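To start, the structure under review is shown below, and the notes come after it.
Every number in this text was worked out from the coordinates using simple rules, so none of it is lab data. Source: prediction; values computed, not measured. FYI the Cβ positions are ideal-geometry reconstructions off the backbone, even for glycines, and counts take in every protein chain you see.
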Amino acid sequence: MNNTIQYYQQNAEQFSRETRSVDFSQNQDKFMSKLKKNDTILDFGCGSGRDTKCFLEHGFQVEAIDGSEELCRLAGEFTGIKVKHLLFQELAEKNKYDGIWACSSILHLPKQELIEVIQKMSLALKSKGIIYTSFKYGTFEGERNGRYFTDMTEGSFEEILQATKELQIEEQWITSDVRPERGNEKWLNLILRKM
């Protein structure tokens, strides 16, 4: 995992620049439509802060965390809120959030850690709360271009979810990468609801 954080530390400026302006409104809107004004959102692995800024502008209460101190600093400057330096495994909140946004973030965890972190996310959610998360579509697990990835298909994600009984898939859909040069990459998007 450390290689991945190191990657973001070293490439924070470039990564922020490249992802801030990406139009992600389709997925943001779908997520926000399932929440109420003033609901509390955790941006779980906020990266550049693009989504945090969007949710703040739409009147939500937002907390943002990231595992890279450099991304926390840049996202804090961009969004105007303090971004907390925290690893996914350190999430310890209980019954606090109406929504957790984990966009292309928890995909950096190996499978076993992913199961544990999704359980922590479930505990951090209020009853009937939702999680949005996304993974590169496929069966690959391992290091790719300096970062660790666990890719998912509908079937492999179902298996992961078996360990967290109170979460159910409310919606899942496949998209192409929104970055122009990555259009042939597919993503699995999920909205999970806590029962």
Problem - Filter pass, Leu35 being under 17 Å from the mean Cα position of the chain (by Cα), in contact (Cβ under 8 Å) with a residue 60 or more places away in the chain and surrounded by fewer than 20 Cβ atoms within 10 Å (Cβ to Cβ) - result: yes
Completion exercise
Of the candidates Asp29, Asp66, Asp51, the one satisfying the condition of being within 22 Å of Gly146 (Cα to Cα), of a type in the set (Asp, Glu) and without any contact (Cβ under 8 Å) to a residue 60 or more places away in the chain is Asp66
Handout entry: Listing of strands (runs of 3 or more DSSP E) fully contained in segment 94-153 that carry 1 or more residues being within 16 Å of the chain's Cα centre (by Cα) and either of a type in the set (Val, Ile, Thr) or closer than 29 Å to Phe60 by Cβ (or both)
Key = 97-102, 125-136, 147-150
Handout entry: Flag if Thr133 is out of contact with any strand residue (DSSP E or B) (no Cβ under 7 Å at 6 or more places or on another chain), on the phi < 0 side of the Ramachandran plot and hydroxyl-bearing (Ser, Thr, Tyr)
Key = no
Handout entry: The lone exception for Gln112 - which of (1) farther than 20 Å from Met195 by Cβ; (2) in contact with a Phe, Trp or Tyr (Cβ under 7 Å, 6 or more places away or on another chain) it fails
Key = (2)
Practice task
Inspect segment 155-169 for any residue being assigned to a loop (DSSP other than H, G, I, E, B), of a type in the set (D, E, K, R) and loosely packed, with under 12 Cβ neighbours inside 10 Å and give the result as yes or no.
Solution key: yes
Exercise for the section: Report yes if some residue within segment 177-194 is assigned to a loop (DSSP other than H, G, I, E, B), over 17 Å from the mean Cα position of the chain (by Cα), touching a residue at least 12 places away in the same chain (Cβ under 8 Å) and closer than 19 Å to Met121 by Cα; otherwise report no. Expected result: no
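Go through the residues of segment 78-85 one by one and say whether even a single one is in contact (Cβ under 8 Å) with a residue 12 or more places away in the chain and either closer than 19 Å to Lys128 by Cα or under 14 Å from the mean Cα position of the chain (by Cα) (or both). Lay out the reasoning, then the answer.
Let us first name the residues in segment 78-85 that are in contact (Cβ under 8 Å) with a residue 12 or more places away in the chain, namely 78-81, 83-85.
With the extra rule that they be either closer than 19 Å to Lys128 by Cα or under 14 Å from the mean Cα position of the chain (by Cα) (or both), the set shrinks to none.
Scanning segment 78-85, I find no residue that is in contact (Cβ under 8 Å) with a residue 12 or more places away in the chain and either closer than 19 Å to Lys128 by Cα or under 14 Å from the mean Cα position of the chain (by Cα) (or both), so the answer is no.
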Handout entry: Number of positions in segment 77-99 that are in contact with a strand residue (DSSP E or B) (Cβ under 8 Å, 6 or more places away or on another chain) and among the small types (Gly, Ala, Ser)
Key = 1
Completion exercise
For segment 156-168, the count of residues that are in contact with a helix residue (DSSP H, G or I) (Cβ under 7 Å, 6 or more places away or on another chain) and either free of Cβ contacts under 8 Å to residues at least 40 places away in the same chain or under 16 Å from Ile130 (Cα atoms) (or both) equals 3
